[in-house]
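Asker: Below are the structure tokens for one structure; questions will follow.
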Amino acid sequence: MSNQIPVHDVTPPAKNASNTVDLYASREKIYTRAFTGLFRNLRMLGGAGLFLLYFGTVWLNWGGHQAVWWNLPERKFFIFGATFWPQDFILLSGLLIIAAFGLFFITVYAGRVWCGYTCPQSVWTWIFMWCEKVTEGDRNQRIKLDKAPMGINKFLRKLSKHSLWLSIGFVTGMTFVGYFSPIRELVFDFFTGQADGWSYFWVGFFTLATYGNAGWLREQVCIYMCPYARFQSVMFDKDTLIVSYDPRRGEVRGPRKKGVDYKAQGLGDCIDCTMCVQVCPTGIDIRDGLQIECIGCAACIDACDNIMDKMDYPRGLISYTTEHNLSGQKTHKLRPRLIGYALVLLAMISLLVTAFFMRSLVGFDVSKDRVLYRENAEGRIENVYSLKIMNKDQRDHTYVLDAAGLPDLKLQGRREIKVAAGDIFSMPVELSSAPEQLPSSTNEVKFILKDADDDSVHVEAKSRFIGPQVR
């Protein structure tokens, strides 16, 4: 048995040493290379559709007003032929739930295609990158320009770029505010100095927000600010379509001339040109595997396919595939989680459509006056009520008012009431009854409102009819 005492190193760590991991890495500017390809064209189509929807819809008119308009002062939301009031905002909640489950479904099936093709942050960033290319040149020219000292050429190019960025940001901000304040009046008032201060503030705010997000922050929004990037990994499975590099085919990497027998040299199909890195908007190397920064835009697929074509190699070294496919296993199209999201999505869509078509286009509210009751000259007991009728439709309606619930109940006041489209009409009415006809001092009555031209529109509101104590 050894008599030696074991020795352990107990030297304290250096003061500057740290066991923590930085949650944020200082940004290094990414210079993306321009490229062409199938997925770039698809991304352009998705971006063009989003741009057309965003910038075009605000200028459409429908029924004498802007087709899509959040009228905040009057608390109305117009969307083409439908008008939504605060009471209808449960439908908005349903729409948001559908959007969430739709995103979950797409993510489980095809990964982050929303991020890569139609997310506003990505689309506006691509537009700003195009402005950068037009004003400063391609990737190598931009790198050279940034390294050069400030001069007339550099100043003018930078000025042109930032002017384009601010112009796009301004149009974006003006359009966004135009969904809350009619765009035609807003544009005229804005440039003639007649707009209110809040309009100037919000247009300026969204101008700078667009300029900052798409021009400066770019991939930082996707990596650090967007929650979707954080919880997507929980939603992926081994059958989810992801942008992946095939290491079995690509390794070992290395440069070579076209036409040589690279396999005899022990090389794979990857020529290590780094084009997949140079075109990536988040600056990652997809060959290192799936990463949180990847937005699924497939820019690296287009770039790699172009290189494969030039080398006369088969395409698909980088492609949309699944983990199961990469490992040589079968990919399952249908799986429980995907089916579950689809069922919830269909159920929510069905409920929302049903609720939309079943919602009443007239609101009816009755409030009893504070005075309990009074006796008129004929000896009848009278109760006074305040009626509020809300026409939620986009056309005028004439309603017929009636009351029931007590024998010998008489309604005094207007019976036919015309309410303009989208208007709220209030009026007092009186109900009277002979005291001997009252079964108790507090009785339930109901007001009935019908559409004069449509028997299907029928709403009721209950209230109380109060009389003297019955002996």
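Asker: Look through region 434-471, keep the residues that are part of a helix (DSSP H, G or I) and not polar (S, T, N, Q), and return whichever of them is surrounded by the fewest Cβ atoms within 10 Å (Cβ to Cβ).
Answerer: Result: E436.
Asker: Out of the residues in region 249-274 meeting the condition of being closer than 15 Å to S319 by Cβ and in contact with a Cys (Cβ under 9 Å, 6 or more places away or on another chain), tell me which one is surrounded by the most Cβ atoms within 10 Å (Cβ to Cβ).
Answerer: Top of the filtered list is C270.
Asker: Would it be correct to say that E460 is within 39 Å of the chain's Cα centre (by Cα) and over 30 Å from G64 (Cβ atoms)? Lay out the reasoning, then the answer.
Answerer: Working: within 39 Å of the chain's Cα centre (by Cα): yes; over 30 Å from G64 (Cβ atoms): yes.
Yes, satisfied.
Asker: While we're here: Looking at (1) at pLDDT below 95; (2) in a strand (DSSP E or B), which is the only condition A403 fails?
Answerer: Unmet for A403, out of (1) at pLDDT below 95; (2) in a strand (DSSP E or B): (1).
Asker: Quick test for you: out of R75, R112, pick the one residue that is closer than 24 Å to I424 by Cβ and modelled with pLDDT under 95.
Answerer: R75 is the lone residue from the list that is closer than 24 Å to I424 by Cβ and modelled with pLDDT under 95.
Asker: For V243, indicate whether it is over 18 Å from I284 (Cβ atoms) and of a type in the set (A, V, I, L, M, F, W, C). Give the derivation first.
Answerer: Numbers: over 18 Å from I284 (Cβ atoms): no; of a type in the set (A, V, I, L, M, F, W, C): yes.
Taking the combined requirement at face value, the residue does not satisfy it.
Asker: From (1) at pLDDT 60 or above; (2) touching a Pro at 6+ places or on another chain (Cβ under 9 Å), pick out the condition that doesn't hold for N19.
Answerer: (1)
Asker: Given the residues V429, V353, V384, V366, which is the only one that is part of a helix (DSSP H, G or I) and β-branched (V, I, T)?
Answerer: The unique qualifying residue is V353.
The values are calculated or read from the model by the stated rules, or taken from the named source; none is laboratory data. Everything numeric in this text was worked out from a predicted model, so none of it was measured. When we count neighbours, we look across all protein chains shown, and the Cβ atoms used for this are built from the backbone with ideal geometry, even at glycine.
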